[in-house]
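The values are calculated or read from the model by the stated rules, or taken from the named source; none is laboratory data. Keep in mind that what you see is a predicted model, and the values were worked out from it rather than measured. Cβ sites come from the backbone with ideal geometry, for glycine too, and all protein chains shown count toward neighbours.
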């Protein structure tokens, strides 16, 4: 991983993922490890994303590095018409690593080809967001003790949700069984279903969120109104994908509920106090995972 | 030439004949191969009768012999094109075109939100399906299918 950009979750092998999760656990054990005091890290957010940016900048600060950058393209030279290429080449002369969020798909791969220092993709439009996937994997491993042989339930917008697609790809290393729960209009795309069939990974599809008692992980996503071509259809299904505390009565003790956040109403607030609710800790885990990613790319761990 | 039929496009002494181009793809082939930018003598016929294709096009380029990498680019728009290498008015060699593993710089990514459609970036695709043509963008990772292919105007 040393000196290599992280653009897509597919850039890391199974072994690299597992090693990274071990290093993240070390950072959780001991968060005060200022191993990068001589480093400058650029945080280039061409579109705002408060949660991801704060998580990265917390990780950078905890590692003892300095952070430069911007949180919105309106405060960068992009408003003067500078190309991404020029911005990236210029910043890579200043910093040891670039964390980048950009609204255009493929911008991170392109930046990694232009930059003389590694790029960590913090989201390129609807394409990839690999650090989210790695923190999802970390949360699953931490709560289940393993990544192998789990029943993963994915609920909500499975068509456009990039987090579920990346998590699906990453989990294929670990012999999972998938349960996809989504309205017809937002079902898991054919390319992913075909991939699972090719790999002999079982999956089940449902439109109703009932019978959650087989689940080890319940991965919730938001069903957004703007994704529907038929608003009547949206009105009809919108309440079917809201998780209520009462639905967790007969579920497994080891079940944990994950959500990439921000949540709107797809998880009722009465779930928050349930010990199976894990989404806020999941977000916290993001800091340790991002510490591990940055430290390993810069060759410290 | 040994054929007794009347030629619809006059013969060349040396060079390459690209036959069995779908009629609608003639100008795409010319553009992909950059034939509009070379000094060679070129003759072409459009909307010719063809048993196989209905209407076909044919291009004859004098004194030009294409490398495989170069000619295979036209497979996206003329998958059944046949090449006749002509030496001294005789067909010296026949070749088919093959879909390459990677397509660089000739096709637009169909995804309007792809970086390649918003900044000057040379497009690169891995060919995921050679039969039906599915091109995976190196950047946005989306698939451009045969129906969605648009050529970048050279």
Within region A:63-108, restricting attention to residues that are without any contact (Cβ under 8 Å) to a residue 12 or more places away in the chain and not in a loop (DSSP other than H, G, I, E, B), which residue is farthest from residue A:292 (Cα to Cα)?
A:80
Could you say whether any residue in region A:212-228 is in the same structural domain as residue A:139 (by TED's automatic domain parsing), out of contact with any helix residue (DSSP H, G or I) (no Cβ under 8 Å at 6 or more places or on another chain) and part of a helix (DSSP H, G or I)?
yes
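Rundown of residues vs (1) modelled with pLDDT of 95 or more; (2) under 17 Å from residue A:155 (Cα atoms), yes/no style:
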position	(1), (2)
A:192	no, yes
A:195	no, no
A:199	yes, no
A:210	no, yes
A:225	no, yes
A:231	no, no
A:236	no, yes
Please indicate, with yes or no, whether at least one residue in region A:4-11 is away from chain B (no Cβ under 14 Å) and at pLDDT 95 or above.
yes
Scan B:66, B:125 and give me the residue that is at pLDDT 90 or above, away from chain A (no Cβ under 14 Å) and either more than 24 Å from residue B:9 (Cβ to Cβ) or within 15 Å of the chain's Cα centre (by Cα) (or both).
B:66
Region A:71-103, subset at pLDDT below 95 and within 25 Å of the chain's Cα centre (by Cα), residue nearest to the other protein chains (Cβ to nearest Cβ):
A:103
Name the strands (runs of 3 or more DSSP E) wholly inside region B:96-154 in which the number of residues that are free of Cβ contacts under 8 Å to residues at least 24 places away in the same chain is 3 or more.
B:124-129
Inside region A:237-256, can you point out the residues that are in contact (Cβ under 8 Å) with a residue 40 or more places away in the chain and either assigned to a strand (DSSP E or B) or within 27 Å of residue A:227 (Cα to Cα) (or both)?
A:237, A:240, A:241, A:243, A:256
One residue is enough: does region A:274-294 have a residue meeting the conditions buried (at least 21 other Cβ atoms within 10 Å of the Cβ), in a loop (DSSP other than H, G, I, E, B) and either at pLDDT 95 or above or more than 22 Å from the chain's Cα centre (by Cα) (or both)?
yes
From A:132, A:128, residue being at negative phi and assigned to a helix (DSSP H, G or I):
A:132
Using the structure shown, decide if residue B:52 is over 21 Å from residue B:32 (Cα atoms) and either in contact (Cβ under 8 Å) with a residue 24 or more places away in the chain or crowded, with 18+ Cβ neighbours inside 10 Å (or both).
yes
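Table: residues versus (1) modelled with pLDDT of 90 or more; (2) within 22 Å of the chain's Cα centre (by Cα); (3) over 29 Å from residue A:82 (Cα atoms).
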| residue | (1), (2), (3) |
| --- | --- |
| B:119 | yes, no, no |
| B:131 | no, yes, yes |
| B:145 | yes, yes, yes |
| B:149 | no, yes, yes |
Could you list, in sequence order, the residues of region B:98-118 that are at the interface with another protein chain (Cβ under 10 Å from one of its Cβ atoms) and either touching a helix residue (DSSP H, G or I) at 6+ places or on another chain (Cβ under 6 Å) or surrounded by 15 or more Cβ atoms within 10 Å (Cβ to Cβ) (or both)?
B:109, B:111, B:113, B:114, B:115, B:116, B:117, B:118
Might you let me know whether region B:132-139 holds any residue that is more than 14 Å from chain A (Cβ to nearest Cβ) and under 30 Å from residue A:129 (Cα atoms)?
yes
Would you call residue A:154 at negative phi and outside any helix (DSSP H, G or I)?
yes
